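Chemist: Questions regarding the structure given below will be posed in turn.
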Amino acid sequence: MTALTVNRRPVRFAMAPETPLLWALRDAANLTGTKYGCGNGDCGACMVLVDGAALRSCLVTLAEAEGRVVTTIEGLSADRSHPVQQAMVAEQAIQCGFCTPGIVIAAAALIARNADPSEEEIVAAIPNLCRCGVYPRLVPAIRRAARVARRAERISAAPAPGIDPRDAAAAVPALRLPEEKEAP
């Protein structure tokens with residue numbers, strides 16, 4: 001069994017040591033925010049933090065992750081209050097959302113090691129591919145996230161953390177079909 005820490009919790013995976021970390025996270029831990037994009041490390045959709053460094057989880061085996069600390073998008077901030085998450089929404093740097101978790105993880109790693117990255121440093125640190133083309137909005141979003149992280153700026157409203165399923169079910173009126181007339 002491979003033991004590691006995932007999102008601040010000790011986890012043991014009963015999977016082959018050569019299994020990519022991506023599949024252990026998605027299939028065994030049900031952490032599906034980490035996306036499968038290409039499987040060969042080109043797209044960055046599977047980016048996670050491993051001991052604080054942004055790594056492509058499709059290229060890291062469970063054996064290589066043994067004893068390490070892994071943070072997925074779910075573990076970055078449960079309430080979406082991380083500065084990168086807030087700034088990505090505020091700057092409208094999200095389109096379909098498929099690549100977003102990997103971009104957020106890469107940006108979070110950058111800001112953790114460099115509190116005031118330049119445009120060139122941001123471009124170099126975000127290798128992720130985005131089919132929707134959010135690239136023009138990424139630099140302003142990540143610069144804003146860095147300011148928020150340094151407490152030089154505040155985003156007035158954090159993105160909503162989502163709707164509790166019980167609230168969603170209560171908020172949607174029951175579907176009513178047109179009443180049929182009874183046959184005489």
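The values are calculated or read from the model by the stated rules, or taken from the named source; none is laboratory data. Values in this document were obtained by computation on a predicted structure and should not be read as measured data. With ideal geometry, Cβ positions are generated from the backbone for all residues, glycine too; neighbour counts draw on all protein chains shown.
Chemist: Considering each of 66, 91, 121 in turn, give the residue that is within 16 Å of residue 4 (Cβ to Cβ) and either of a type in the set (Asp, Glu) or out of contact with any Leu (no Cβ under 9 Å at 6 or more places or on another chain) (or both).
Modeler: Sole residue among the options that is within 16 Å of residue 4 (Cβ to Cβ) and either of a type in the set (Asp, Glu) or out of contact with any Leu (no Cβ under 9 Å at 6 or more places or on another chain) (or both): 66.
Chemist: May I pose another question? Please verify whether the range 133-154 includes one or more residues that are under 18 Å from residue 45 (Cβ atoms) and loosely packed, with under 13 Cβ neighbours inside 10 Å.
Modeler: The answer is yes, given that some residue of the range 133-154 is under 18 Å from residue 45 (Cβ atoms) and loosely packed, with under 13 Cβ neighbours inside 10 Å.
Chemist: Considering (1) touching a residue at least 24 places away in the same chain (Cβ under 8 Å); (2) closer than 24 Å to residue 112 by Cα, say which one residue 13 fails and leave the rest.
Modeler: Every listed condition holds for residue 13 apart from (2).
Each row is one residue, and each column tells you yes or no for (1) surrounded by 14 or more Cβ atoms within 10 Å (Cβ to Cβ); (2) farther than 28 Å from residue 131 by Cβ; (3) under 16 Å from the mean Cα position of the chain (by Cα); (4) free of Cβ contacts under 8 Å to residues at least 40 places away in the same chain.
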site: 40; (1), (2), (3), (4): no, no, no, yes
site: 63; (1), (2), (3), (4): no, yes, no, no
site: 91; (1), (2), (3), (4): yes, no, no, no
site: 95; (1), (2), (3), (4): yes, no, yes, yes
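Chemist: Mind telling me which of the residues 71, 32 ends up being among the hydroxyl-bearing types (Ser, Thr, Tyr) and farther than 14 Å from residue 99 by Cα?
Modeler: Going through 71, 32 in turn, just one is among the hydroxyl-bearing types (Ser, Thr, Tyr) and farther than 14 Å from residue 99 by Cα: 71.
Chemist: With charged (D, E, K, R) and modelled with pLDDT of 80 or more as the only criterion, which of 176, 143 stands out?
Modeler: 143
Chemist: Filter the range 1-58 down to the residues that are in contact with a Phe, Trp or Tyr (Cβ under 9 Å, 6 or more places away or on another chain) and closer than 18 Å to residue 107 by Cβ and list them by number.
Modeler: 35, 37, 45, 46, 57
Chemist: Also, I was wondering about something else. Would you confirm whether any residue within the range 104-122 is surrounded by fewer than 14 Cβ atoms within 10 Å (Cβ to Cβ) and at pLDDT below 95?
Modeler: No - not one qualifying residue is present in the range 104-122.
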